[in-house]
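Everything below concerns the one structure shown next.
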Amino acid sequence: MNTNGHEHVIEVTDLRRVYGGGFEAVRGISFSVRRGEVFALLGTNGAGKTSTVELLEGLAPPTAGRVRIFGRDPHTERAAVRPRTGVMLQEGGFPSELTVAETARMWAGCVSGARPPLQALGLVGLEHRAGVRVKQLSGGERRRLDLALALLGRPEVLFLDEPTTGLDAEGRRETWDLVRELSDGGTTVLLTTHYLEEAEDLADRLAILHRGLIAATGTPAEVTAAQPSRISFELPEGYFVGDLPPLGRLGVLGHEVEGRLVRLRTRELQRTATGLLGWAEQAGVELGRLDVRSASLEEAFLGIARQAAAGSAADVKEYAA
């Protein structure tokens, strides 16, 4: 789709951010986000997520590279960009003595074209708490209030920084449903989260940051496909790994054995599973505790983090030598 002549409403090109003392938090990253897309920015602590999001929100200028929201610079053209965006920070700072409704009305007075405050509260299931003081809200309810205020201006681009922290399972699912509804309605969502299940469930595409660089990007399926699937099972008494067909012929990349429990890693899950089960059928044996599964985003994330960390360690070792 097109927004003011731009297919991508968020465009990041060779973005860098250096803090005082020369610390380079963001080291040259590029990505784009289309209208109506949910894009998740993931990374370990210190990966550069917050530094990147602050530049996207226009809170600071980049050291180098560029950011464009709706084709405009969010820092130098803030007056044109800010009314069209909504921001949910990791932690809000609302006056504790105001009620939920008073807080929403106060915030609506600072927003162009604000929706009715009670409508915004209804979107996040807080309308029944409108008369309660902010200080009496639970942590999860405060996160809902943060989200309601981010939605007051009917944003075209919504920045969500750890939106479901502190929510119970039901609240998290309700928030996910709301994000999907917003996306279906054309709102572009950029999400940071430590809940990898959340990113896997919500994101159309994602990027994983490590030490200020993008270590992987693509759809959740594309990112997880780069990691091996796994099969685990128990061999019957009297059988050993050597009794199995040659593992290489089954497409197995590696394996571990713990007593009678065998774990296989493969990038050809169907081929490996078919060969294994065919052998079991022919041998007339039952494979106990059989578990066949593709890699999860969590496994992909941890695998990428380990690879990146190993690469960094190798660079340090080479430099020291």
What do you get for the angle between helix 269-283 and the principal long axis of the chain? Use alpha-carbon atoms, 0 to 90 degrees, nearest ten. 30 degrees
Placing each pseudo-label 7 Å from Cα in the direction of the beta carbon, residue 110 and residue 30 end up separated by a distance in nanometres of 3.7 nm
With every protein chain left in place, what is the accessible area of residue 177 in Å² (1.4 Å probe, nearest 10)? 80 Å²
Connecting every pair of Cα atoms under 10 Å apart in the chain and solving the GNM, the largest mean-square fluctuation among 94, 240, 31 falls on 240
If you find the alpha carbon centre of segment 38-92 and of segment 238-310, how far apart are they in angstrom? 43 Å
Solvent-accessible surface (1.4 angstrom probe) belonging to residue 66, in square angstrom, nearest 10: 110 Å²
Under a 1.4 Å probe, what is the accessible area of segment 45-177 per residue, stated in Å²? 46 Å²
Could you point to the label whose value was computed as P(r) over Cα pairs in 20 Å bins from 0, in percent for the structure here, given (1) 34, 60, 6; (2) 27, 46, 23, 4; (3) 31, 58, 11, 0? (2)
Unit charges on C-beta of K, R, D, E only; dipole of the chain, Debye: 840 debye
The answer for residue 26, listing residues at least 5 apart or on another chain whose modeled amide H is closer than 5 Å to its amide H, is 17
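Could you tell me how many cubic angstrom of Cα convex hull volume segment 36-86 has per residue?
On the way: hull volume 5.0 nm³, N = 51.
Each residue corresponds to 97 Å³ of Cα convex hull volume.
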Once the mean 1/r over all distinct Cα pairs of segment 1-69 is inverted, what Kirkwood radius in angstroms do you read off? 12.7 Å
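Please compute the net charge surrounding residue 190, taking Lys and Arg as +1 and Asp and Glu as -1 over other residues with Cβ under 14 Å from its Cβ. Mind showing how you got there, number by number?
Numbers: positive: 34, 35, 49, 68, 84, 205; negative: 11, 37, 54, 57, 156, 161, 162, 198, 204.
Residues close to residue 190 contribute a combined charge of -3.
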Carbon plus sulfur, as percent of the 1.4 Å-probe accessible area of the chain, comes to 49 percent
All other residues with a Cβ under 12 Å from the Cβ of residue 289 taken together, and with Lys, Arg as +1 and Asp, Glu as -1, what is their net charge? -2
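If we count every other residue with Cβ under 13 angstrom of residue 135's Cβ, Lys/Arg +1 and Asp/Glu -1, where does the sum land?
Details: positive: 129, 133, 142; negative: 97, 102, 141.
Charge balance near residue 135 sits at 0.
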Nearest 10 degrees is fine. How inclined is helix 297-320 to the longest principal axis of the chain, computing both from alpha carbons? 90 degrees
Sort 48-56, 144-152, 14-22, 275-283 for me by packing, meaning the mean count of neighbouring Cβ atoms within 10 Å per residue, highest on top. 144-152, 48-56, 275-283, 14-22
Could you check which residue among 33, 134, 292 shows the biggest mean-square fluctuation in a GNM of the chain with a 10 Å Cα cutoff? 292
Could you give the angle, 0 to 90 degrees to the nearest 10, between helix 139-151's Cα long axis and the longest principal axis of the Cα atoms of the chain? 60 degrees
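The values are calculated or read from the model by the stated rules, or taken from the named source; none is laboratory data. Remember, it's a predicted structure, so these values are computed and weren't measured experimentally. Quick reminder, even Gly has a Cβ in these numbers, built from the backbone with ideal geometry, and neighbours come from all protein chains shown. When the accessible area is computed, the model is the full protein with side chains, heavy atoms only, and any ligands, DNA or RNA have been set aside. Shrake-Rupley method; radii C 1.70, N 1.55, O 1.52, S 1.80 Å.
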